[in-house]
Amino acid sequence: MSQNTQNPDEASRDSSAPADSKIDHAASIRYWSSLPSTTSNMLGMLGTYPWYSRIELQGSKNFLSKVRRLVPALQTDGKFSLGVDCGAGVGRVTEGFLRHVCTVVDAVEPVQKFTQVLEDGQLKKDGVIGDIFTLGLEDWSPEKKYDLIWTQWCVGHLTDSQLIQYVSRCRDSLTESGIMVIKENLSTDAGDQDMYDDEDSSVTRTDAKFKQIFDQAGMNVIKSEIQTGFPKQFKLLPVKSYALRPKI
Ligand SMILES: C[S@@+](CC[C@H](N)C(=O)[O-])C[C@H]1O[C@@H](n2cnc3c(N)ncnc32)[C@H](O)[C@@H]1O
């Protein structure tokens, strides 16, 4: 995720090893821990452009409204009782979006200095942020039922098999009408391969890989959408949101 522009990594293309086999969790944590705990640092090289965060948060709001119309029990204007921001960083998504659609938002994030920001912040004092788990998603086993599980720009730190297991645990922790959303960059590799990013030790997956993983985790994609509204001249990686519901 540290690279959000189209700049395929030549070294990773040459290697025949699966991209996710290069993921090193300790290296990822070192990378993120080395950055100052600011909202702009959550957005890689695009963090210097405030419009980028604004546009994508508005896109998430619009996407969720469309998803709610597809689930009969959610066709009201009411807030979700309990959501969770997964790979929350310093709470950019909760601050700019989730707090407007959920009464309480839990947070999962492995970097301690980021969860400290959440612990010390006004949203925690106001009770908007609920429980905070300082954990990687690969180690998080939800113990509550959630109406909304939002996971954005962080599953590149999980291997394919960890991601299948994570999505599958989330499937079991959704309320009856609950929704899981995964919003991530997509690979633009010419050979349709996932791309490895050495800087933060993460992978950027293809759309086909995501669909395969969701299927293996027992989830249906009930809606998906490419984020629009980013200026074309930046040649950004496509960003896609997937709304998931358990297969019946
Ligand atoms: C690009 S930032 C995105 C933060 C937030 N989701 C947002 O959109 O503002 C990536 C986040 O993933 C976190 N991360 C790194 N390894 C992770 C893991 N194994 N599980 C969950 N999150 C992880 C990083 O610490 C960082 O906060």
### Query
Taking the stretch 25-44 on its own, how many of its residues are exposed (fewer than 14 other Cβ atoms within 10 Å of the Cβ) and either in contact (Cβ under 8 Å) with a residue 60 or more places away in the chain or part of a helix (DSSP H, G or I) (or both)?
3
### Query
Does at least one position in the stretch 70-85 carry a residue that is open to solvent by less than 60 Å² (accessible area, probe 1.4 Å), among the hydrophobic types (A, V, I, L, M, F, W, C), away from the ligand (no atom under 14 Å from the Cβ) and assigned to a strand (DSSP E or B)?
yes
### Query
Do you know which residues across the stretch 141-169 are of a type outside the set (S, T, N, Q), crowded, with 20+ Cβ neighbours inside 10 Å and either without any contact (Cβ under 8 Å) to a residue 60 or more places away in the chain or within 10 Å of the ligand (Cβ to nearest atom) (or both)?
150, 153, 154, 155, 156, 157, 158, 163, 166
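Open to solvent by less than 30 Å² (accessible area, probe 1.4 Å), out of contact with any strand residue (DSSP E or B) (no Cβ under 6 Å at 6 or more places or on another chain) and away from the ligand (no atom under 13 Å from the Cβ) - does that describe any residue in the stretch 111-126?
There is at least one residue in the stretch 111-126 that is open to solvent by less than 30 Å² (accessible area, probe 1.4 Å), out of contact with any strand residue (DSSP E or B) (no Cβ under 6 Å at 6 or more places or on another chain) and away from the ligand (no atom under 13 Å from the Cβ).
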### Query
Name the pairs whose Cβ atoms lie under 6 Å apart, with the first residue in the stretch 234-248 and not in a strand (DSSP E or B), the second not polar (S, T, N, Q), and 6 or more positions between them or separate chains?
238/186; 238/226; 247/218
### Query
Do we find a residue being more than 24 Å from residue 79 (Cα to Cα), assigned to a loop (DSSP other than H, G, I, E, B) and touching a residue at least 24 places away in the same chain (Cβ under 8 Å) anywhere in the stretch 177-186?
yes
### Task
Filter the stretch 150-209 for residues that are farther than 16 Å from residue 221 by Cα and of a type in the set (Val, Ile, Thr) and give the result.
155, 159, 175, 188, 203, 204
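Mind checking which residues of the stretch 212-230 are in contact (Cβ under 8 Å) with a residue 12 or more places away in the chain and either part of a strand (DSSP E or B) or open to solvent by 30 Å² or more (accessible area, probe 1.4 Å) (or both)?
Result: 216, 219, 220, 221, 222, 223, 224, 225, 226, 228, 229, 230.
The values are calculated or read from the model by the stated rules, or taken from the named source; none is laboratory data. A quick note: this is a predicted structure, and the numbers were derived from the prediction, not measured. Cβ: placed from backbone, ideal geometry, glycine included. Neighbour counts: every protein chain shown. The accessibility values were calculated without ligands, DNA or RNA, using every heavy atom of the protein model including side chains. Shrake-Rupley method; radii C 1.70, N 1.55, O 1.52, S 1.80 Å.
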